[in-house]
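Each remark here refers to the structure printed beneath this line.
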Amino acid sequence: MNDNLHQLRCFGCGARISGAEARPDFRCSSCGDLFEVEYAGWNQRQGHDRPNPGALKWLWRERRCSTEPLDQSGVWRFRELLPILDNFGNAVTLREGNTPLYPLLRSAKALGIDQLFAKHQGMNPTGSFKDTGMTAALSVAKERGFEWVACASTGNTSAAMSAYAARAGLRCLVLIPEGKIAWGKLSQAMDYGAITCQLKTDFDGCVKLLTKIVRESPIYLLNSVNPYRLEGQKTPAFEIAEAFDWNVPDHLIVPGGNLANSAALGKGFRELHELGLVARLPKISVIQAQGANPLARAFAANDGQSIEPVEAHTRATAIRIGNPASWRKAARVIHETGGWCLDVSEAEIAIAKAELGAEGLGCEPASAVTLAGLKKLRAQGKVAGSETVVLILTGHTLKDADYTIDFHRGTLLSEKESAGHEIAIEALRRNAVAVDATPEAVLAAMQVDAR
Ligand SMILES: *Cc1c(COP(=O)(O)O)cnc(C)c1O
């Protein structure tokens with residue numbers, strides 16, 4: 001069976017190559033830009049071969065009741081829209097995707113928005129949206145006969161890669177910036193048997209080094225410059241469209257680090273639109289941390305036409321990236337959908353995370369930028385109360401328990417960082433208190449907290 005229908009198109013110069021021709025660093029040999037997977041067949045095929053929207057919608061829903069592993073995956077149940085393998089039998093799946101879409105009733109009320117939801121990608125097998133991309137790209141590595149895979153990572157990519165490599169029986173190499181990744185994520189790479197190297201450099205330095213290594217050795221690169229990652233990461237767009245019965249929400253808000261995820265979700269909606277499965281695109285807005293905000297700066301300075309790398313600083317380690325690889329793809333998505341790119345402060349991130357937690361939806365600090373960003377967009381009049389808004393929560397709260405504990409103990413933010421936010425922070429803090437082991441003392445502790 002040959003399920004493979006794709007080619008790679010350079011995002012910069014438009015050059016087209018076959019998947020097998022890609023260089024180990026996934027950069028275009030003429031212009032150095034990144035590739036996108038393209039399915040030229042879709043528009044040219046006629047009659048029975050052309051995807052039928054009604055039939056696809058029925059088939060994808062039907063697969064949720066199947067006992068086949070591939071059908072149970074929220075990525076591969078949409079495999080008609082990601083024909084990247086010669087044989088789908090090579091797919092490596094941990095039943096990723098099919099993540100919950102939760103209404104955010106309290107935040108909606110506080111913001112005066114009728115319809116506010118969180119798509120919780122932290123509910124994936126290794127606790128972040130990276131699983132949806134990894135099942136796709138690692139399956140390609142396996143099909144092409146690689147024995148080693150590698151990534152540079154702020155943490156979640158390495159956790160996802162290590163798990164899928166272990167399932168596939170591949171060896172894997174992880175390069176991480178020393179002291180700058182959350183323990184939960186590092187522990188996952190160890191648990192799944194990766195070779196982990198902590199380097200005395202930042203994420204951007206790890207990427208540079210790994211690029212040199214893969215050019216010299218037969219190691220398959222699984223950073224998000226790998227275009228197959230984005231094919232998996234576009235599928236939450238399909239799930240969201242399906243959840244709204246194929247009427248897309250008005251606005252999607254996504255955290256931005258290396259900027260592949262926003263690019264992928266935009267591609268997902270674009271393809272649904274091209275195939276006639278949805279009637280319009282949602283606005284897609286990207287939110288960065290103020291200390292790692294090259295794209296937000298670019299939009300403020302020149303409408304996102306060119307980017308200046310920054311030295312990245314933020315406690316939201318998953319988005320601590322100063323020189324994002326996929327910025328052009330993300331900028332295109334923001335432009336074509338009519339979204340925005342903003343940044344938010346460390347205090348705004350911490351408050352938003354605690355507010356989501358107080359709604360029962362724990363997430364990583366990097367995920368909470370979405371709610372912080374929505375507050376800003378709402379205050380600037382860019383989101384109407386009548387709009388349907390979906391926040392993409394990218395990672396699970398247990399990935400970085402230190403962050404949460406530091407916030408509630410009051411040691412997360414400096415005085416300068418919390419300036420002007422003291423009341424909001426105090427209202428949300430729930431530090432553990434030491435009390436005597438008597439009923440009276442415990443009952444008294446319950447009274448103190450009438451917030
Ligand atoms: C990777 C990651 C991000 C950033 O995604 P990009 O594709 O790099 O923009 C945000 N949040 C979490 C939890 C992540 O793991």
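Mind listing just one residue for me: the one in region 162-194 that is touching a Cys at 6+ places or on another chain (Cβ under 8 Å) and closer than 22 Å to Gly322 by Cα and, of those, modelled with the lowest pLDDT? So, considering only residues that are touching a Cys at 6+ places or on another chain (Cβ under 8 Å) and closer than 22 Å to Gly322 by Cα, the one modelled with the lowest pLDDT is Pro177.
Counting only residues that are among the small types (Gly, Ala, Ser) and surrounded by fewer than 24 Cβ atoms within 10 Å (Cβ to Cβ), which one in region 340-353 is nearest to Ala263 (Cα to Cα)? Applying the filter and picking the extreme gives Ser345. For Ala366, the stated conditions hold: it is farther than 18 Å from Ala298 by Cβ, in contact (Cβ under 8 Å) with a residue 12 or more places away in the chain and among the aliphatic types (A, V, I, L, M).
Considering only residues of region 188-204 that are within 16 Å of the ligand (Cβ to nearest atom) and touching a Pro at 6+ places or on another chain (Cβ under 7 Å), which is nearest to Ala163 (Cα to Cα)? Among those that are within 16 Å of the ligand (Cβ to nearest atom) and touching a Pro at 6+ places or on another chain (Cβ under 7 Å), it is Phe203. Here the condition is being within 12 Å of the ligand (Cβ to nearest atom), closer than 30 Å to Glu147 by Cα and among the aliphatic types (A, V, I, L, M); of Ala325, Ala316, Ala289, it holds for Ala325 alone.
Among the residues making up region 287-302, those that are among the small types (Gly, Ala, Ser) and over 23 Å from Thr394 (Cα atoms) are Ala298, Ala300, Ala301. Consider region 354-391 and keep the residues that are surrounded by fewer than 24 Cβ atoms within 10 Å (Cβ to Cβ) and among the aliphatic types (A, V, I, L, M). The one that is nearest to Gly122 (Cα to Cα) is Leu361. The one condition from (1) within 12 Å of the ligand (Cβ to nearest atom); (2) under 23 Å from Val207 (Cβ atoms) that Lys353 does not meet is (2).
Restricting attention to region 403-451, the residues being basic (Lys, Arg) and either exposed (fewer than 11 other Cβ atoms within 10 Å of the Cβ) or assigned to a helix (DSSP H, G or I) (or both) number 3. For region 228-264, how many residues meet the condition of being touching a residue at least 40 places away in the same chain (Cβ under 8 Å) and in a helix (DSSP H, G or I)? Residues meeting the conditions: 18. Filtered by the rule that a residue be closer than 16 Å to His251 by Cβ and in a helix (DSSP H, G or I), region 331-375 gives Val333, Ile334, His335, Glu336, Thr337, Val369, Thr370, Leu371, Ala372, Gly373, Leu374, Lys375.
If you go through region 178-196 one residue at a time, do you hit one that is among the hydrophobic types (A, V, I, L, M, F, W, C), in contact with a Leu (Cβ under 7 Å, 6 or more places away or on another chain), assigned to a strand (DSSP E or B) and buried (at least 19 other Cβ atoms within 10 Å of the Cβ)? No, region 178-196 has no match at all. Scanning region 175-187 for residues that are within 14 Å of the ligand (Cβ to nearest atom) and among the hydrophobic types (A, V, I, L, M, F, W, C), we see that the one that is nearest to Tyr220 (Cα to Cα) is Ile176. Within region 86-100, does at least one residue satisfy the condition of being touching a strand residue (DSSP E or B) at 6+ places or on another chain (Cβ under 6 Å) and either modelled with pLDDT of 95 or more or more than 25 Å from Val37 (Cβ to Cβ) (or both)? Looking through region 86-100, at least one residue is touching a strand residue (DSSP E or B) at 6+ places or on another chain (Cβ under 6 Å) and either modelled with pLDDT of 95 or more or more than 25 Å from Val37 (Cβ to Cβ) (or both). Pairs linking a residue in region 107-125 that is of a type in the set (S, T, N, Q) to a residue that is more than 16 Å from the ligand (Cβ to nearest atom) and in a helix (DSSP H, G or I), with Cβ atoms under 8 Å and 6 or more positions apart or on different chains, are Ser107/Glu355; Gln115/Ala108. As an exercise: evaluate Ile213 against (1) crowded, with 19+ Cβ neighbours inside 10 Å; (2) among the aliphatic types (A, V, I, L, M); (3) away from the ligand (no atom under 16 Å from the Cβ) and give the number of the one condition it does not meet. Going through the list (1) crowded, with 19+ Cβ neighbours inside 10 Å; (2) among the aliphatic types (A, V, I, L, M); (3) away from the ligand (no atom under 16 Å from the Cβ), Ile213 breaks only (1).
If you go through region 220-266 and keep only what is closer than 23 Å to Ala296 by Cβ, more than 10 Å from the ligand (Cβ to nearest atom) and out of contact with any helix residue (DSSP H, G or I) (no Cβ under 6 Å at 6 or more places or on another chain), you end up with Val225, Pro236, Pro249, Asp250, His251, Leu252.
When the residues of region 267-278 are filtered to those that are more than 13 Å from Ile240 (Cβ to Cβ) and not in a loop (DSSP other than H, G, I, E, B), which remaining residue is nearest to the ligand (Cβ to nearest atom)?
Ranking the qualifying residues of region 267-278, first place goes to Lys267.
Residues that are charged (D, E, K, R), away from the ligand (no atom under 13 Å from the Cβ) and touching a strand residue (DSSP E or B) at 6+ places or on another chain (Cβ under 9 Å) within region 329-341 comprise just one, Glu336.
Here region 116-160 is the region considered, the condition is being more than 26 Å from Leu81 (Cβ to Cβ) and away from the ligand (no atom under 13 Å from the Cβ), and the residue that is surrounded by the fewest Cβ atoms within 10 Å (Cβ to Cβ) is Glu147.
The values are calculated or read from the model by the stated rules, or taken from the named source; none is laboratory data. Keep in mind the model is a prediction, meaning the values are calculated, not measured. All Cβ positions, glycine included, derive from the backbone under ideal geometry; neighbour counts span all protein chains shown.
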